[in-house]
Amino acid sequence: MSCIRFNTPAQRQAMREHRPTMLTPEQAAAQHPAPPVTESKLARLRLLAADGNPRIRESAASSYHLPDDLFAVLARDPDEGVRSVVARNERTPCDILRVLADDPSERVRGFVALNFFVPADAMDSLADDSSDTVRGLVAWKRDLALAR
């Protein structure tokens, strides 16, 4: 005896008719709103950004609600991992991404190249980067944009 269950065409049709409807991202977000950004949340982010542990600073750098002045501070962090997280955060200001496009770390420059919101002049700079990896990421991103 097999434990595999075979559904009849009528059963499959009934399952299709009764399946849940898929929500758009906007509808799902409306059903589960994020809590408001309060002064206490911003104060916590400031504490995290000043922590001695670079992994904690990375956590702060990944926040969508990080204040712009903290982006600037964390973009100058001595830890490459922290700067990499700043480089890939979609809320990082364009001026900070321009600075990070000249970062000594190939990893940071690579994440800048992959950031969807990087300014065109920074991408042009990265297209001539000394690193094959960074140039490859720029080319891949351009090819991806052309494929649409």
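Only the coordinates and a few stated rules stand behind these numbers; no lab work does. Worth saying up front: this structure is predicted, and the values here are computed from it rather than measured. Glycine gets a Cβ as well: all are built from the backbone with ideal geometry, and neighbour counts include every protein chain shown.
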Checklist entry - Relative contact order of the chain: what whole-number percent is it, with Cα pairs under 8 angstrom and at least 6 residues apart? => result 13 percent
Checklist entry - Packing-wise, with mean Cβ within 10 Å as the measure, how do 124-132, 66-74 rank, highest first? => result 66-74, 124-132
Checklist entry - Where a ≥ b ≥ c are the square roots of the eigenvalues of the C-alpha gyration tensor, would you call region 85-148 rounded, which needs a/c under 1.5, or, failing that, prolate if a/b is larger than b/c, or oblate? => result oblate
Checklist entry - Calculated FRET efficiency, A147 and E90, Cβ-Cβ r, R0 25 Å, to nearest 0.05? => result 0.75
Item to check | Whole-Hz couplings from phi, Karplus 6.51/-1.76/1.60, listed for region 130-144; x for Gly and Pro | outcome: 6, 8, 4, 5, 5, 4, x, 5, 5, 5, 4, 5, 5, 4, 5
Next on the checklist: Calculate the FRET efficiency for V37 and R107 from the Cβ-Cβ distance with a Förster distance of 22 Å, rounded to the nearest 0.05.
Outcome noted: 0.15
